[in-house]
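A short worksheet on the structure shown next.
The values are calculated or read from the model by the stated rules, or taken from the named source; none is laboratory data. Bear in mind the structure is a predicted one, so any value in this text is a computation, not a measurement. Quick reminder, even Gly has a Cβ in these numbers, built from the backbone with ideal geometry, and neighbours come from all protein chains shown.
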Amino acid sequence: MLFKGLFLADAVVDGAEATNEVFSFTELIQEVAAWLSTEGLKLVFGLIVLFIVCKIINGIAKRFKKRMEKKGRDKTITVLGYKAIRYGLKALAVLCFLGFVGIDTAGIGSVIGSLGVGVGLAVNGTLSNLAGGIVILIMRPFGIGDYIEAQGEGGTVEEIGIFYTELVTPDNKVVYIPNGSLSNGSMVNYSKKDLRRVDFTFSISYEEDFERAKQVIYSVIENTQNALLDPQPFVRVVSHGESTIDISAKVWTKNEHYWDVYFDMMEAIKKNFDSANIEIPYKQLDVHIKNK
């Protein structure tokens, strides 16, 4: 009888636990179904709408970029406007989505603001770069596609970011210069003006007729493609060296033809000096031996 009673007690306990498990599982299924029919449906609907809105924003940004490029607007303004539309509107859409699904966006804003203050104190240099980027966008000392020299680096401006400006050097290296340094330091923009002057210095020996050498240089300038005669070229003797007479030549050309004119004239001057038997001196050392 004792064993029978214990067996019946265990059976009752097991039955109760099984009933509780079935009841708990049933409740879970019901809660999940209730959530899917209300909040879950709302979440899925919000995600679908967010996806569609992001696609629309991408289309608007691309259309803005194409229209600006078609009208020949400034590249810097075009790129910045494209990014502002694409990422700014998406951030706004995400905030609307969070509010739609019931997340308190005011609380998120407070957290972001607090984090922003802490991060701002920790990255003072980054804030300086941000301020520098704003100054560059307002003052416009250079634009995308310009060739500049700054902070010991030179290259074509590939992108003007919020914190850094990206340069591509002639040998295809990418250099990132902080906007804070760019806005506060000196910078040379080689693309700002349409014309550039190419400067040369040619040396001849004292035995040569410098007037004849000047005529040869003038002739080379006149026959060099892309070398401009207006403004008038400058060819004059500039110094008397230890063993040479130095003649300076200054020639104007369009910005995009600078290096073509430079290399064409350097090669042509050597050929024409040789043809005219004009000596280009080189350093010599005379050694005298004294016999005692």
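Just a few scattered comments:
- Within the stretch 139-151, residues that are on the phi > 0 side of the Ramachandran plot reach partners that are surrounded by 19 or more Cβ atoms within 10 Å (Cβ to Cβ) with beta carbons closer than 7 Å, at six or more positions or on different chains, in the pairs Gly145/Val157; Gln151/Ile177.
A quick yes/no check of all residues on (1) touching a Pro at 6+ places or on another chain (Cβ under 9 Å); (2) at pLDDT 95 or above; (3) surrounded by 13 or more Cβ atoms within 10 Å (Cβ to Cβ):
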position: His240; (1), (2), (3): no, no, no
position: Thr244; (1), (2), (3): yes, no, yes
position: Ser248; (1), (2), (3): no, yes, yes
position: Glu256; (1), (2), (3): no, no, no
position: Val261; (1), (2), (3): no, yes, yes
position: Met265; (1), (2), (3): no, yes, yes
position: Ser275; (1), (2), (3): no, no, no
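- Condition met for Asn226 (assigned to a loop (DSSP other than H, G, I, E, B), in contact with a helix residue (DSSP H, G or I) (Cβ under 6 Å, 6 or more places away or on another chain) and either surrounded by fewer than 13 Cβ atoms within 10 Å (Cβ to Cβ) or without any contact (Cβ under 8 Å) to a residue 40 or more places away in the chain (or both)): yes
- For Glu208, the conditions (1) surrounded by 17 or more Cβ atoms within 10 Å (Cβ to Cβ); (2) within 16 Å of the chain's Cα centre (by Cα) are fulfilled apart from (2).
- Members of the stretch 257-273 that are of a type in the set (A, V, I, L, M) and free of Cβ contacts under 8 Å to residues at least 60 places away in the same chain: Ala268
- Residues that are under 42 Å from the mean Cα position of the chain (by Cα) and of a type in the set (A, V, I, L, M), drawn from the stretch 211-239: Ile217, Val220, Ile221, Ala227, Leu228, Leu229, Val235, Val238
- Val117 exposed (fewer than 14 other Cβ atoms within 10 Å of the Cβ), among the hydrophobic types (A, V, I, L, M, F, W, C) and modelled with pLDDT under 80: yes
- Strands (runs of 3 or more DSSP E) fully within the stretch 133-207 counting 1 or more residues that are over 30 Å from Pro233 (Cβ atoms): 147-150, 153-160, 164-168, 174-178
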